[in-house]
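First the structure, in the form of structure tokens, and then the observations on it.
Every number here is computed from the coordinates shown, using simple stated rules; none is lab data. It should be emphasised that the depicted structure is a prediction, and the values quoted were computed from it without experimental measurement. When we count neighbours, we look across all protein chains shown, and the Cβ atoms used for this are built from the backbone with ideal geometry, even at glycine.
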Amino acid sequence: MTKKTRFLIILIAILIATAMAPVHAQQVLWGSPANRTSLTSAGSGNQLDASFTFQVGTFFEAGVPGWMPSAANTAEWADHWVAADSAVYHETFRAFTGSSPFDPALAGGQGYIWGFDSNLAEGEWILLTDPNWIFPSFETGLKFPLSWQTSRASTVVVGSSNNLPDAAYHLKTAKITISPPPLVPAHQWLGMFFTTPELIDSLIGAWNSDADEDGMSNLVEFALGRLPREARSEREPVLGFLESGGLEYLTLTIERPPNANVVYGAEVSPDLKTWDGGSTHVTLLRESPTEVVFRDNTPISEPGNRFMRLKVGVEE
Ligand SMILES: [Ca+2]
């Protein structure tokens with residue numbers, strides 16, 4: 001009896017358009033003070049970690065900034081939100097920091113800092129703002145950066161904050177239900193993990209480079225909700241089997257981050273040479289904000305081997 005070979009290959013596809021930021025425009029430096037304890041709603045001992053993303057941005061209504069978020073309308077936030085910059089929570093420094101380039105579309109908008117657990121369809125959030133946080137207009141003529149720090153925020157829409165030096169925590173997220181997290185734009189995700197010189201280094205910060213040498217490109221790490229600079233064996237695609245009508249088929253299950261604008265596909269092959277995709281060869285069994293499952297249309301009980309591979313695409 002011939003032993004069936006099951007194999008998985010990661011394939012990448014990239015669609016990228018780049019935009020140049022205007023020179024000399026006013027930046028916003030934003031973040032939180034270092035070495036302060038920040039917690040989830042579970043409280044003491046449950047510190048924020050690298051699964052938390054923070055964004056600076058504003059809420060739009062009918063094409064212009066101005067929509068008002070509240071604890072009562074969290075389900076609508078993601079639809080109104082435009083992120084100017086994204087940052088990952090740094091576990092060692094217990095803080096996050098970012099630099100948002102000037103964007104004329106946001107000029108005059110109320111600035112917010114939104115923190116959220118980026119791999120959950122609904123999870124732990126915090127949203128802070130301050131009356132002084134207004135996205136700059138180029139016309140102001142100011143060239144020096146603005147500074148928006150969570151320690152200076154006067155309003156916390158969900159979650160809580162505390163600035164006393166001996167407080168038990170600085171930031172504390174709140175449990176949010178039935179509300180999707182915001183998208184993390186692909187180029188902002190790269191900027192969360194790589195410096196500007198690294199982004200143009202083809203061995204480190206390019207989409208098809210593998211900075212942590214774990215066998216997955218940065219693009220695949222983005223598509224799977226993994227950390228591109230830490231070779232942790234988590235959130236890997238899983239090959240499985242499904243019995244249907246007395247026949248057994250290969251399946252491929254992807255745990256997807258709910259806030260990445262990624263297109264997922266699967267291809268199948270009898271020999272690792274010829275690959276076929278599309279509905280003739282592969283069935284999309286299930287798709288949810290946190291999972292995608294594909295099935296090979298050819299049963300593994302037929303003569304020969306069957307292989308499946310994941311194909312991901314991202315448009316910037
Ligand atoms: Ca990698």
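The number of Lys pairs in the chain with C-alpha atoms less than 29 Å apart, excluding pairs fewer than 8 positions apart on the same chain, is 5. Most simply put, the range 28-182 has about 85% antiparallel DSSP beta bridges, counting only bridges with both residues inside it.
Residues Thr290, Thr195, Thr150, ranked from the fewest to the most other C-beta atoms within 10 Å, line up as Thr195, Thr290, Thr150.
Annotation for the range 115-224: GluC sites (Glu not before Pro) lying in DSSP loop with at most 12 further Cβ atoms inside 10 Å of their Cβ are Glu213. Which of Ser51, Ser38, Ser269 ends up with the largest GNM mean-square fluctuation for the chain, with Cα atoms connected below 10 Å? Fluctuation is largest for Ser269.
Under a Gaussian network description of the chain, with springs only between Cα atoms under 10 Å, the residue in Ala87, Ala167, Ala107 that fluctuates furthest is Ala167.
A quarter of the convex hull surface defined by the alpha-carbon atoms of the chain gives 19.4 nm² as the mean projection.
When both bridge partners sit in the chain, DSSP labels roughly 80% of those beta bridges antiparallel. What separates the Cα centres of the range 56-102 and the range 254-316 is a distance of 33 Å. Largest mean-square fluctuation among Glu234, Glu243, Glu267, in a Gaussian network model of the chain whose springs join Cα atoms under 10 Å apart, belongs to Glu243. Ranking Pro104, Ser137, Gly31 by how far each Cα lies toward the positive end of the dipole of the chain (charges on Cβ) leaves Gly31 at the top.
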